[in-house]
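Read through the structure below, which is laid out as structure tokens, and then see the notes.
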Amino acid sequence: MTTSAHQKMWEELNLDIPAHDGLLAVLGKFYNDIYLSQSGRLKGMEYLDFVLSEVHGLRIKELQDAKAAGRKIIGTFCVFVPEELTLAAGAVHVGLCSGAEVGSDKAEQLVPRNTCALIKSFIGFKLARLCPFTESCDLVIGETTCDGKKKAYEAFADHVNMEVLEVPQRKTASDRALWKSEVIRYKAVLEELTGNTITEEKLQAAIKLVNEKRRALQRLNRLRHADPAPISGRDALLINQVSMYDDPVRFTQSINTLCDQIEERIAAGEGVVPAGTPRLLLSGCPMAVPNWKLPFIVESSGAVIVGEESCIGSRNTRDLVSEEATSMDAMIDALVDRYLQIDCACFTPNDERQDNLKTMVNDLKADGVLHYSLMFCQPYEHEALKTEKTMHQEQVPVLSISTDYSMEDVEQLKTRIEAFIEMVS
Ligand code: SF4
Ligand code: SF4
């Protein structure tokens with residue numbers, strides 16, 4: 001696809017072309033510095049580089065082609081929205097990235113200044129007309145997770161066609177019943193939007209498809225138990241980010257091919273860093289594309305990230321939907337149960353997250369935990385304190401970082417992270 005063909009498509013999507021060109025230039029440079037400068041990358045990462053280079057190009061063209069063929073595009077901000085139902089309705093499911101500091105001044109006309117960077121980002125991308133994914137969506141699905149998102153969606157709904165799913169705050173029987181009714185409502189919303197009936201066969205196939213994607217990511221996560229680390233944390237994060245918007249069949253095949261290469265690397269005793277390099281587990285808020293700041297600082301300071309306890313990471317891939325059910329009601333139950341296992345900090349209590357963290361630290365042989373919260377994110381800032389307590393009990397060093405998408409604190413973060421790495425070494 002030529003650049004001029006991209007331009008025409010972007011114009012048709014009503015993007016602000018000069019500002020969008022500027023954004024792509026900055027992102028390209030950022031990607032070169034953070035990703036392409038790495039040594040010892042796996043050949044399979046070329047696929048991810050290509051996908052990222054065409055994130056606003058070929059992938060958007062695919063979405064336009066899908067629309068022309070009558071398919072609907074569903075945008076989401078949270079791993080609580082069941083992708084299986086979207087796919088079973090014949091629609092395309094895309095995560096809307098929200099990982100860059102874009103259009104903050106405009107966003108602050110809709111939400112308070114002390115709102116997390118992720119929320120400001122998705123509003124900023126829309127108001128500044130910079131995101132071809134958002135502009136391609138027929139419907140955006142929000143969810144009642146944190147208060148910041150809930151209230152932001154009220155304002156955002158004036159700018160996009162949206163539905164909000166009610167996610168409970170606890171996991172009791174009545175919460176489960178509420179969540180089940182919302183999953184059923186989402187199914188009805190999709191059927192009405194697409195004009196397609198979600199049959200048992202279609203849902204069964206979609207459950208298998210999404211499980212396969214999660215299995216490929218689980219395989220990748222297991223391979224990261226090896227020392228020396230066979231893949232950088234930056235590359236693993238990129239894979240998880242791309243999983244949110246790439247075609248699921250193509251993505252799964254590519255990740256399995258990459259895992260074959262990682263297995264060969266492990267068998268040869270090779271890694272992306274020398275054996276004994278300090279291993280850190282990153283835990284906390286999701287890092288949406290192109291939020292690569294922290295992993296870059298960590299990995300250019302002498303450590304390697306071996307896991308992401310995050311929604312753009314293991315929180316989204318750990319649990320599969322049971323494939324045993326065949327009736328519609330049983331499959332809905334299987335979806336409800338799987339999604340209620342998500343240990344988001346928006347739940348109270350949320351002790352399972354601490355248990356899952358301990359398991360990850362042990363499995364990955366992590367030397368320390370870096371807890372990451374976006375500034376003004378109440379749920380994860382609270383759980384940072386809880387995580388510190390758990391890790392102190394486990395005698396695992398932990399460092400809590402609260403930051404945003406700006407580059408202003410890079411030097412300060414680098415100083416703190418270098419000192420932490422020296423301590424865990
Ligand atoms: S952290 Fe919570 S609100 Fe955010 S994407 Fe994950 S589940 Fe959704
Ligand atoms: S990072 Fe925190 S405050 Fe921001 S949307 Fe996610 S849960 Fe809400």
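General remarks:
- Residue list for the stretch 366-383, restricted to those being away from ligand 2 (no atom under 15 Å from the Cβ) and assigned to a loop (DSSP other than H, G, I, E, B): A366, D367
- Residues within the stretch 136-171 that are more than 14 Å from ligand 2 (Cβ to nearest atom) and under 12 Å from F80 (Cα atoms), tallied: 4
- Matching helices (runs of 4 or more DSSP H) fully within the stretch 99-152 where at least 1 residues are within 19 Å of the chain's Cα centre (by Cα): 117-127, 132-136
- Residues satisfying the stated conditions in the stretch 96-121, i.e. under 14 Å from D404 (Cα atoms), open to solvent by 10 Å² or more (accessible area, probe 1.4 Å) and small (G, A, S): A100, S104, A117
- Residue count for the stretch 164-196, restricted to those that are touching a helix residue (DSSP H, G or I) at 6+ places or on another chain (Cβ under 6 Å) and either open to solvent by 60 Å² or more (accessible area, probe 1.4 Å) or small (G, A, S) (or both): 1
- Criterion applied to T348, T326, T415 was being under 28 Å from P230 (Cα atoms), open to solvent by 40 Å² or more (accessible area, probe 1.4 Å) and out of contact with any strand residue (DSSP E or B) (no Cβ under 9 Å at 6 or more places or on another chain), and the one residue passing it is T415.
- For the stretch 268-347, the helices (runs of 4 or more DSSP H) that sit wholly inside it and include 2 or more residues that are within 14 Å of ligand 2 (Cβ to nearest atom) and under 18 Å from the mean Cα position of the chain (by Cα) are 314-317.
- Residue match in the stretch 175-186 (condition: more than 13 Å from ligand 1 (Cβ to nearest atom), part of a strand (DSSP E or B), hydrophobic (A, V, I, L, M, F, W, C) and without any contact (Cβ under 8 Å) to a residue 40 or more places away in the chain): no
- The condition (being in contact with a helix residue (DSSP H, G or I) (Cβ under 7 Å, 6 or more places away or on another chain), farther than 23 Å from C311 by Cβ and surrounded by 14 or more Cβ atoms within 10 Å (Cβ to Cβ)) is satisfied by just one residue among R71, R41: R41.
- Among the criteria (1) touching a residue at least 24 places away in the same chain (Cβ under 8 Å); (2) closer than 18 Å to F133 by Cα; (3) among the β-branched types (V, I, T), the one I34 does not fulfil is (2).
- Within the stretch 384-425, the residues that satisfy the criterion of being assigned to a loop (DSSP other than H, G, I, E, B), among the polar types (S, T, N, Q) and touching a residue at least 12 places away in the same chain (Cβ under 8 Å) are S406, S425.
- All positions within the stretch 137-154 that are open to solvent by 20 Å² or more (accessible area, probe 1.4 Å), in contact with a helix residue (DSSP H, G or I) (Cβ under 8 Å, 6 or more places away or on another chain) and farther than 19 Å from C311 by Cβ: D138
- Scope the stretch 45-84; condition away from ligand 1 (no atom under 16 Å from the Cβ), among the β-branched types (V, I, T) and within 16 Å of the chain's Cα centre (by Cα); matching residues: V51, V55
- Selection count, the stretch 225-240, where residues are more than 13 Å from I255 (Cβ to Cβ) and either open to solvent by 10 Å² or more (accessible area, probe 1.4 Å) or not polar (S, T, N, Q) (or both): 9
The rows are residues; the columns are (1) open to solvent by 30 Å² or more (accessible area, probe 1.4 Å); (2) outside any loop (DSSP other than H, G, I, E, B).
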| position | (1), (2) |
| --- | --- |
| A5 | yes, yes |
| P18 | yes, yes |
| A25 | yes, yes |
| L52 | no, yes |
| V55 | no, no |
| L63 | no, yes |
| G75 | no, yes |
| V81 | no, no |
| E84 | no, yes |
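- Within the stretch 85-136, the set of residues being closer than 20 Å to I312 by Cβ, in contact with a helix residue (DSSP H, G or I) (Cβ under 6 Å, 6 or more places away or on another chain) and within 16 Å of ligand 1 (Cβ to nearest atom) comprises H93, V94, L96, S98, T115, C116, I119, K120, I123.
- Any hit, the stretch 156-170, residues being within 22 Å of V289 (Cβ to Cβ), of a type outside the set (A, V, I, L, M, F, W, C) and within 19 Å of the chain's Cα centre (by Cα): no
The values are calculated or read from the model by the stated rules, or taken from the named source; none is laboratory data. Keep in mind it's a predicted model, so treat the numbers as computed, not measured. Cβ coordinates were reconstructed from backbone atoms using ideal geometry, including for glycine residues, and neighbour counts include every protein chain displayed. SASA here: full protein model, heavy atoms, side chains in, ligands and nucleic acids out. Shrake-Rupley method; radii C 1.70, N 1.55, O 1.52, S 1.80 Å.
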